[in-house]
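Enquirer: Can you read through this structure? Questions will come right after.
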Amino acid sequence: MKYLITMTMLASASAWGQRFDLSSGKTEPYTAERGYGFEDGAKLTPGAGSVTCEKPPFYFSAKVPGEGNYRVTVTLGDRESATVTTVKAELRRLMIEKIQTKPGEFVKRTFIVNTRTPRIDATTEVRLKDREKTSEAWAWDDRVTLEFTNQHPAVAAIEIAKADVPTLYIAGDSTSTDQGREPFNSWGQMLTRFFTPGIAVANHGESGESLRSFVGERRLAKLDTLMKPGDWLLIQMGHNDQKERGEGVGAFTTYKQSLKTMIADARRHGVTPILVTPMNRLTFDSEGKVTNSLGDYPEAVRQAGAEEKVDVIDLNAMSKLFYEAIGPKVAPQAFADGDTTHHSNYGSYELARCIVQAIRDKKLALAKYLVTDVGPFDPAHPDPLAKFEIPAEPRGTVQKPYGN
């Protein structure tokens with residue numbers, strides 16, 4: 001028995017939609033000819049009215065007609081077994097956190113997945129790094145890819161439809177990009193969990209980027225083809241900018257001016273820019289206080305925000321409170337193994353919560369799109385590491401992200 005597929009493709013691209021009924025338990029692999037199916041590598045098993053997996057995670061992909069935002073509705077559960085499912089999309093973007101169902105119970109959850117391609121126009125593309133063409137290719141392909149994980153994930157149906165919603169874009173470096181492999185993660189990958197299906201999060205951050213290289217690799221040019229009035233742009237750089245050298249290069253010169261250029265570019269599109277100061281690295285002194293490893297760059301962000309009348313989320317200050325609250329013995333667990341810049345799943349989740357709380361505290365227009373099932377957050381009293389339950393994927397061979 002094959003999937004029951006109801007597919008609607010009308011004249012208007014906004015009306016495109018597909019539905020995949022997986023209740024038969026049939027598990028066909030993805031092929032380009034078919035345009036949908038399960039990705040290789042997982043030991044899939046038929047559930048009672050669903051598809052599950054012996055050793056999560058497992059992945060389902062469906063080809064979509066073009067880049068943009070897609071509304072995804074998943075039906076989770078099983079007729080005979082209790083299930084626990086977490087859903088991620090594309091490159092490990094957290095969408096749905098730990099949905100539990102009883103035997104015979106099925107629940108629906110909806111979220112927005114943003115897709116993109118490198119193309120800018122008929123002759124120009126984003127200058128991708130080699131890793132973006134291989135282990136990170138899911139971030140740039142023509143499919144929606146969903147990951148189902150946790151103790152006993154089970155999916156009975158998947159619906160995908162074109163969505164006309166505003167978009168929150170992210171321009172950043174390795175600390176905000178969609179990291180492809182464990183043990184690395186970023187706040188941009190976790191931020192999706194905290195927004196309703198009324199808005200999309202489109203993460204255009206990339207490892208190793210500074211403001212100037214973001215422009216040089218045509219990443220800003222790509223955003224120029226996508227951003228529209230009513231969207232937002234989060235800008236967080238600094239870790240790599242501070243390593244640039246040359247006459248006149250510095251936090252209060254080239255860096256601040258590049259911030260202002262990006263702000264002006266967003267405003268030309270009717271987009272609301274929001275600046276984010278770079279979070280601290282893992283640098284403690286002998287008294288357990290975080291030391292500043294970023295020089296004048298966080299302050300340059302604050303000044304640019306004040307001068308251009310742009311809201312600033314001070315992740316630098318909040319990350320200091322967070323690291324000091326858990327202390328120098330536990331703080332390394334908020335970072336990837338042995339790394340002092342890039343974060344673990346736990347660290348990136350807490351930093352995403354910092355950003356969400358700042359959006360609330362500043363009463364930004366974005367706040368109306370935040371989910372209501374997550375309470376207030378104080379970085380000086382973060383979530384206990386022992387209670388953190390976002391499952392990590394199996395580890396593969398991976399290089400450290402560009403930048404530090």
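Enquirer: Along Cα→Cβ, 7 Å out, is where each label goes; now give me the distance between the ones at Lys98 and Lys63 in nm to one decimal.
Expert: In this crude label model, Lys98 to Lys63 measures out at 3.9 nm.
Enquirer: Using 0.36 nm per residue of separation minus the Cα-Cα distance, give me the extension gain between Ala122 and Ala365 in nm, one decimal.
Expert: Net length gain for the segment: 83.9 nm.
Enquirer: Nearest 20 debye, what's the magnitude of the dipole of segment 111-270 about its Cα centre given +1 on Lys and Arg Cβ and -1 on Asp and Glu Cβ?
Expert: 360 debye
Enquirer: Using 0.36 nm per residue, how much length does the chain from Asp142 to Asp40 gain when fully extended, once their Cα-Cα distance is taken away?
Expert: 35.0 nm
Enquirer: For the residues Leu366, Leu44, Leu275, what sequence is obtained by ranking on other C-beta atoms within 10 Å, fewest first?
Expert: Ranking Leu366, Leu44, Leu275 by Cβ neighbours within 10 Å, fewest first, gives Leu44, Leu366, Leu275.
Enquirer: Amide H neighbours of Glu39 under 5 Å, at least 5 residues apart or on other chains, H built in the peptide plane: list them.
Expert: HN-HN under 5 Å from Glu39: Tyr30, Tyr59, Phe60, Ser61.
Enquirer: Here is a further query. Among His269, His204, what is the fewest-to-most ranking by other Cβ atoms within 10 Å?
Expert: His269, His204
Enquirer: By how many nm would the segment from Ala48 to Gln303 lengthen if fully extended, with 0.36 nm per residue of separation less the alpha-carbon distance?
Expert: 86.0 nm
Enquirer: In vacuo Debye scattering of segment 1-164, one point per C-alpha: log10 I(q)/I(0) at q = 0.15 Å⁻¹?
Expert: With one equal scatterer per Cα and no solvent, log10 I(q)/I(0) is -0.80.
Enquirer: Suppose every K and R has +1 on its Cβ and every D and E has -1 on its Cβ; what is the size of the dipole of segment 165-387 about the Cα centre, in Debye to the nearest 20?
Expert: Result for segment 165-387 is approximately 540 debye, rounded to the nearest 20.
Enquirer: With runs of 4+ DSSP H residues as the only contributors, calculate the mean residue ellipticity of the chain at 222 nm using -39,500 (n - 2.57) per run, divided by the residue total and rounded to the nearest 500.
Expert: -6000 deg cm²/dmol
Enquirer: For Lys26 and Gln257, what does the FRET efficiency come to when R0 = 60 Å and r is the distance between their Cβ atoms, rounded to the nearest 0.05?
Expert: For R0 = 60 Å, the calculated efficiency reads 0.55.
Enquirer: Report, in debye and to the nearest 20, how large the dipole of the chain comes out about its Cα centre when Lys and Arg carry +1 and Asp and Glu carry -1 on their Cβ.
Expert: Here the size comes out at about 600 debye.
Enquirer: Kindly put Arg92, Arg281, Arg218 in sequence by how many other C-beta atoms sit within 10 Å of each C-beta, fewest to most.
Expert: Arg218, Arg281, Arg92
Enquirer: Between segment 146-178 and segment 240-311, what is the separation of their alpha carbon centroids in Å?
Expert: Between the Cα centre of segment 146-178 and that of segment 240-311, the gap is 28 Å.
Enquirer: Can you give me the Kirkwood hydrodynamic radius for segment 88-161, using every pair of distinct Cα atoms, in Å to one decimal?
Expert: Roughly 14.7 Å, rounded to one decimal.
Enquirer: Express the relative contact order of the chain as a whole percentage, based on alpha carbon pairs under 8 Å and six or more residues apart in sequence.
Expert: In percent, rounded to a whole number, it is 15.
Enquirer: Measure out, as a whole number of angstrom, how far apart the alpha-carbon centroids of segment 345-379 and segment 15-33 sit.
Expert: Here the two parts' Cα centres lie 34 Å apart.
Enquirer: In terms of the Cα gyration tensor, with a ≥ b ≥ c the square roots of its eigenvalues, is segment 338-404 rounded because a/c is under 1.5, prolate because a/b exceeds b/c, or oblate?
Expert: The shape class here is prolate.
Enquirer: Still on this model: Checking understanding here: applying a Kyte-Doolittle mean of at least 0.0 and a length along the axis of at least 20 Å (C-alpha), which whole DSSP H helices in the chain pass?
Expert: Those that pass (Cα extent of 20 Å or more, hydropathy at least 0.0) are 315-330.
Enquirer: Apply the a/c threshold of 1.5 to the C-alpha gyration tensor of segment 165-387 and tell me whether it is rounded, prolate or oblate.
Expert: The shape class here is oblate.
Enquirer: Given an 8 Å cut-off on Cα distances and at least 6 residues of separation, report the relative contact order of segment 296-348 as a percent.
Expert: 18 percent
Enquirer: Using alpha carbons only, what's the Rg to Rh ratio of segment 259-404 with Rh from Kirkwood?
Expert: Ratio of gyration radius to Kirkwood radius: 0.98.
Every read-out reported here was derived from the displayed coordinates using simple, explicitly stated rules and does not represent laboratory data. As the structure is a computational prediction, the values presented were derived from the model and not from experiment. Don't worry about glycine lacking a Cβ; one is built from the backbone with ideal geometry, like all the others, and counts go over all protein chains shown.
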